[in-house]
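Student: Before I ask anything, let me first share the structure, which is written out below as structure tokens.
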Amino acid sequence: MKITWMIGGAQGFGIETAAMLFGNAVAKAGYYLYGNREYYSTIKNRHSYTTLKISDKKINSTDSIANILVAIDAETIFQHFTKVSDFIIYDKNVESVDIDSIKSLEYEIEEDAVNLLKDSGLNTTVLDAINYAKKRGAKSIPVDYKSIIMQIMNKLNIPSPVAERARNTIGAGASFALLGLDINLLNNAIKETFNDQTFYNLNMLAAEAGYNSAKDYLNYYKLNPIKINSHRIQIDGNTASAIGKIIGGLRFQAYYPITPASDESTYIEANQLVKMQTKEGIKEGGIVVFQTEDELSAINSAIGAALTGTRSATATSGPGFSLMAEGISWAGMNEVPVLITYYMRGAPSTGLPTRSGQSDLMFALNVGHGEFPRIVIASSNHEEVIKDAAFALNIAEIYQTPVIHIIEKTIASAYSVIDEDTLNADNFEVDRGKIADNSDDYYRFKFSDDGISPRAFLGDAQMFHSGDEHNEFGHIDETSQNRVKMYEKRNKKLESASKNISIDYKFKFYGDKNAENIILTWGSPTAPSINAIEELKRNNIDVAVLQIKMFNPYPKEVSELLKNKKRIIAVENNYYAEGAEVLTLNTLIRPTHYILKWTGRAIADDELVNALINVIKGENKRVILDDK
Amino acid sequence: MTNNIDGIKDEIKYRTEYTDWCIGCGNFGILRAVELSLEELKLDFHNTVMVSGIGCSGKLPHFLTTKISGVHTLHGRSLAFASGIKIANPKLNVIIDAGDGDTYGIGVGHFVSAGRRNLDMTLITHNNGVYGLTKGQASPTLKRGEKTKSLPKPNINDAINPVALALVSGYTFVARGFAYDIKQMQHLIEEAIKHRGMALVDILQPCPTYNDINTNEWYKERIYNLDIDYEVKSEKERDKKFNTAIQKAYEEDKIPLGIFYKNELVPTYDDRIKEDIENYLDYPPAIQEIENKGKASTIPSFIEQHRVV
């Protein structure tokens, strides 16, 4: 069972609140959901939308075609009227608005819409666009937002700008009626969200009015509540990473504001006081979140904090990560455990600052001058983000080297419902690696078989660090004799990591090992790839999925899984199929087919299924997805 | 002496590193003044970290005979590393040793921000007007029109005024020393370390190899000791003492040495963090027991705020 719901409107006017209310209500009925958010790099006014997929099974991706479209304004209709199958809930008062009058609509979108409408013999008003959708089977639900707002305004005796804020809730109420779930679920979500009595009343009335506007189609989807006996949480990717880090023992986070990374740091700051179960009983610990003057300071202060024995991290995206390169090289040279959470967005340069991408994998793997071990891991959904973030703090300390945790923008700002007990959050193992037991005879960079020297912290023993090549004590040493050993010692740690890190953190395999087609992917395209296994079975196509999680050290053992396949299909959100390139570098195996997308938008379930059919039945070697 | 596992003698730990600065370099004086200050204040690796930048000055921690821990960082970033160390473990004294290129050139953003935060740290800047280790290019403190011996053309940029920049950035202790006056430097460094707040000791330093203008003789003709009441003891004194310091910072024909300004009334970064984390100083990030019997000690109850079911 799957229903995709989409709500769109101008940014800064409550789209996200409405999506959250609707999502909370659905989640309370026992359903899972995944909400993908798309927005421009602006504070207010431009078109933003959330696509929320509802299912009785755990999901981590959405469809590109919505069953229900809730349009708060006219622009939303023109942006999405070709991508809705069942219902358009829209503002009756904007029916006559012509596409030409919407100045915020980008030229390319306007041109496509105008051509499509004209070719279908229609004019270019909102009503024409709705008629276009209706011809293709959708039903329309006009809602008189204006008079509903007026009624609420008069009833609550509040000014119109305040009342206007409930527009989105009207849309949420209308669509909730279609699901057939108890309206009290929505009311409870409102109750939990709004503490202020006026806003509570306002949203309750708006939800009710919306619900009543859609009475013609009441209970259309006939959803029944599902009984849940355990707890579920709803979080986005920024929060997931923050939660993972906090559980993992993070106590210092440095950051410079950047989209889409900053929300993680502000979350940690808001939750900086944590309870700790120590030998002496329960203590309260404080996490310091340090907002720096730039990303140079963010990475280098995080490194400094790590030298004191503090679990330490930063979070950034491409432009900031570029500035961190020199610091990461220093951390590699000085064997400092520091975690860099890398939120990948549309690049190069400022690129598509609020959109997603996977185009920085090679950069993450090669960041910083010189040869040193950088452990690079990538998560594909919120549950993985939490677990990987906590795990990353462990491996940073065990191997005493920078760890880069890749999360894409689409995962960062999307949200989903997770079963709390799958997180096993109160049972997380902390491994601090080798700690020095003798601080008197201490050598920070003591040679050892696995390349790992016991760590002491600043203040506990005498030690030196230097970005220059150094001897075991940490003093500068340029001799070949020392260089040979010290250089090898550092790089040997990667072999140790490769040997000792459990396979679950390296890669995951989904589907039948004997399937003749295999999707090779990583990060956000993993979820639509897993979804495709069942969908393609219905088309008698046998496909399995190999998700790479750790790119350095690379799990070369995956080459076994790729043997004797008819097709190896690389699915990625970039141009060069960077994940597949890394596979080739490490195993000499090349994909046979590619499905690539670099629009900045995530790959959707339905979009990938169509592309896979195109690849497998049409023997199309390289399919480019363009959101059309 | 014992042998460690690879047969290299423990000399790497117990010998004095060879000090590879040029003969006559002002760094020797600064090194000695730092050593004397550390000894006088009984500072060693148990309670103190020396963080340095890149250039001739950056090697100073390695050359100290005092038992100290040193972190030799990146060009311009010593303040950033130091801030992380200090915030994570406020029990440590953090002394930063950097060059004028480090401090006022590539790292000037960190220099300004360190003042805004008023972290309780001491910054000692070796100010010699040139980038010595790269063969004598103009540093941010070389005056416009000056042509030191390895410059092909006279310096095209105006000089930064370190004392004035520190003052307007919020440094709560600002002093200037001279690299050949060890006694005065020792005094300034000790006062800076004892000061609660962000301290700058800018040290004028001849570079006998590349700066043939600002030589020992050149300085000797111009330097004199400040005789001002520099310490702000109540809020109402602040403007007057700050203005005097600024005025003195801009004296050019004669170069004042000593303490320009001191103000302990401004809350330090520690104080500010304590507003949010009450037990921060007693239980800072570095000493929190994040592990308990192999498990995370952090209780994940904060997750409950996200429950929908």
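Student: Ordered by packing density, taken as the mean number of other Cβ atoms within 10 Å over each peptide's residues, highest first, how do A:536-542, A:318-324, A:372-378 rank?
Tutor: The peptides rank, most packed first, as A:372-378, A:318-324, A:536-542.
Student: Amide H to amide H under 5 Å from B:Ser139: which residues, 5+ apart in sequence or cross-chain, H placed 1.01 Å off N in plane?
Tutor: B:Val130, B:Tyr131
Student: Let me ask something else about it. To the nearest 10 degrees, how steep is helix B:108-117 against the longest Cα principal axis of chain B, on a 0 to 90 scale?
Tutor: 60 degrees
Student: Sequence-distant or interchain residues sharing an amide H contact under 5 Å with A:Ser379, placed H: which?
Tutor: Residues meeting the amide H criterion: A:Ile406.
Student: If you count, for each residue, the other Cβ atoms within 10 Å and average over each peptide, how do A:170-182, A:220-232, B:109-121 line up from highest to lowest?
Tutor: Descending mean neighbour count gives A:170-182, B:109-121, A:220-232.
Student: How many angstrom lie between the Cα centre of the range A:183-208 and the Cα centre of the range B:243-309?
Tutor: 41 Å
Student: Can you pull the mean other chain C-beta count within 10 Å for peptide A:260-272?
Tutor: If you average over the peptide's residues, the count of other-chain Cβ atoms is 1.
Student: What order do you get for A:Val84, A:Val338, A:Val162, B:Val232 when you list them from fewest to most C-beta neighbours inside 10 Å?
Tutor: In order of increasing Cβ crowding within 10 Å: A:Val162, B:Val232, A:Val84, A:Val338.
Student: Applying the Karplus parametrisation 6.51 cos²θ - 1.76 cosθ + 1.60 with θ = phi - 60° to the phi angles of the range A:565-574, what ³J(HN,Hα) value in whole Hz is obtained for each residue in order, glycine and proline being reported as x?
Tutor: In residue order, the calculated couplings are 8, 6, 9, 10, 10, 7, 10, 8, 8, 6 Hz.
Student: Of the residues B:Ile277, B:Ile160, B:Ile182, which exhibits the maximal mean-square fluctuation in a Gaussian network model of chain B defined by a 10 Å Cα contact cut-off?
Tutor: Highest fluctuation among the options: B:Ile277.
Student: Here's something else I'd like to know. What does the charge add up to near A:Ser498, with Lys and Arg as +1, Asp and Glu as -1, over the other residues with Cβ less than 14 Å from its Cβ?
Tutor: +4
Student: Among B:Lys13/B:Lys194; B:Lys59/B:Lys241; A:Lys283/A:Lys446; A:Lys485/A:Lys513; A:Lys191/A:Lys549; A:Lys434/B:Lys86, which pairs are too far apart, with a Cα-Cα distance over 31 Å?
Tutor: B:Lys59/B:Lys241; A:Lys283/A:Lys446; A:Lys485/A:Lys513; A:Lys191/A:Lys549
Student: What distance in nm separates the simple spin-label points at B:Ile299 and A:Lys621, each placed 7 Å from Cα in the Cβ direction?
Tutor: 6.2 nm
Student: Now for a different question. Can you work out the PRE-style zone for A:Tyr487? Point 7 Å along Cα to Cβ, and I want the residues of the range A:453-471 with backbone N under 14 Å.
Tutor: A:469-470
Student: Any chance you could give the angle, 0 to 90 degrees and rounded to 10, that helix B:27-40 forms with the longest Cα principal axis of chain B?
Tutor: Here the helix axis deviates by roughly 40 degrees.
Student: Here's something else I'd like to know. If I model a spin label at B:Arg32 and A:Lys58 as a point 7 Å from the Cα along the Cα→Cβ vector, what separation in nanometres do I get?
Tutor: Those two pseudo-labels are separated by 6.9 nm.
Student: When a/c is below 1.5 the answer is rounded, else prolate if a/b is larger than b/c, else oblate, so apply that to the range A:402-446 with a ≥ b ≥ c taken from the square roots of the Cα gyration tensor eigenvalues.
Tutor: Taking the square roots of the gyration eigenvalues as a ≥ b ≥ c, the range A:402-446 is oblate.
Student: Using the per-residue mean of other Cβ atoms lying within 10 Å as a proxy for protection, in what order, highest first, do the peptides A:410-420, B:165-175, B:261-271 fall?
Tutor: The densest-packed peptide leads the list: A:410-420, B:165-175, B:261-271.
Student: Please report the net charge: other residues with Cβ closer than 11 Å to the Cβ of B:Pro154, K and R +1, D and E -1.
Tutor: Residues close to B:Pro154 contribute a combined charge of +3.
Student: Once every Cα of the range A:504-625 carries one equal point scatterer and solvent is ignored, give the base-10 log of I(q)/I(0) from the Debye formula at q = 0.09, 0.14, 0.23 Å⁻¹, two decimals.
Tutor: The computed values of log10 I(q)/I(0) come out as -0.20, -0.50, -1.50.
Student: What is the list of residues in the range B:169-187 whose amide nitrogen lies under 15 Å from a point 7 angstrom out from the Cα of B:Glu237, following Cα to Cβ?
Tutor: Correct set: B:173-174.
Student: Please give the net charge around B:Arg196, taking every other residue with its beta carbon less than 12 angstrom from that of B:Arg196, where Lys and Arg add +1 and Asp and Glu add -1.
Tutor: Residues close to B:Arg196 contribute a combined charge of -3.
Student: Something else about it: Per DSSP H run of n ≥ 4, the term is -39500 (n - 2.57); total these for the protein assembly as shown, divide by its residue number, and report the mean residue ellipticity at 222 nm rounded to 500 deg cm²/dmol.
Tutor: Rounded to the nearest 500, it is -10500 deg cm²/dmol.
Student: Taking every pair of alpha-carbon atoms in the protein assembly as shown, what share in percent sits in each 10 Å bin, from 0 to the bin with the longest distance?
Tutor: The percentages, shortest bin first, are 2, 11, 19, 20, 17, 14, 10, 5, 1, 0.
Student: Please list the non-local residues whose amide H lies under 5 Å from the amide H of A:Asn552, H modeled 1.01 Å from N, same-chain partners needing a gap of 5 or more.
Tutor: A:Val376
Student: Starting from the Cα gyration tensor of the range A:235-427, take the square roots of the eigenvalues, sort them a ≥ b ≥ c, and report rounded, prolate or oblate (rounded when a/c is under 1.5, otherwise prolate if a/b is larger than b/c, else oblate).
Tutor: oblate
Student: So, in Å, what gap is there between the alpha-carbon centers of the range A:57-104 and the range A:326-354?
Tutor: Computed from Cα coordinates, the inter-centre distance equals 37 Å.
Student: Listed here are the pairs A:Lys58/A:Lys508; A:Lys28/A:Lys628; B:Lys183/B:Lys262; which of them are more than 24 Å apart at the Cα?
Tutor: From the list (A:Lys58/A:Lys508; A:Lys28/A:Lys628; B:Lys183/B:Lys262), the Cα-Cα distance tops 24 Å for A:Lys28/A:Lys628.
Student: Still on this model: What percentages, rounded to whole numbers, describe P(r) for chain B computed over all alpha carbon pairs with 10 Å bin width beginning at zero?
Tutor: 6, 25, 32, 20, 10, 5, 2, 0
Student: Related question: Roughly what % antiparallel, to the nearest 5, for the DSSP beta bridges in chain B?
Tutor: 20 percent
Student: Quick one: if the Förster radius is 22 Å, what FRET efficiency do B:Ile156 and B:Lys135 give, using the C-beta to C-beta distance and rounding to 0.05?
Tutor: Computed FRET efficiency for B:Ile156 and B:Lys135 comes out at 0.75.
Student: Compute the length gained on full extension between A:Asp421 and A:Ser160: take 0.36 nm times their separation in residues and subtract their Cα-Cα distance, giving the result in nm to one decimal.
Tutor: That works out to 89.5 nm of additional length.
Coordinate-derived values only; no laboratory data. Model, not experiment: these values are computed from the prediction. Note that each Cβ is placed from the backbone with ideal geometry, even for glycine, and that neighbours are counted across all protein chains shown.
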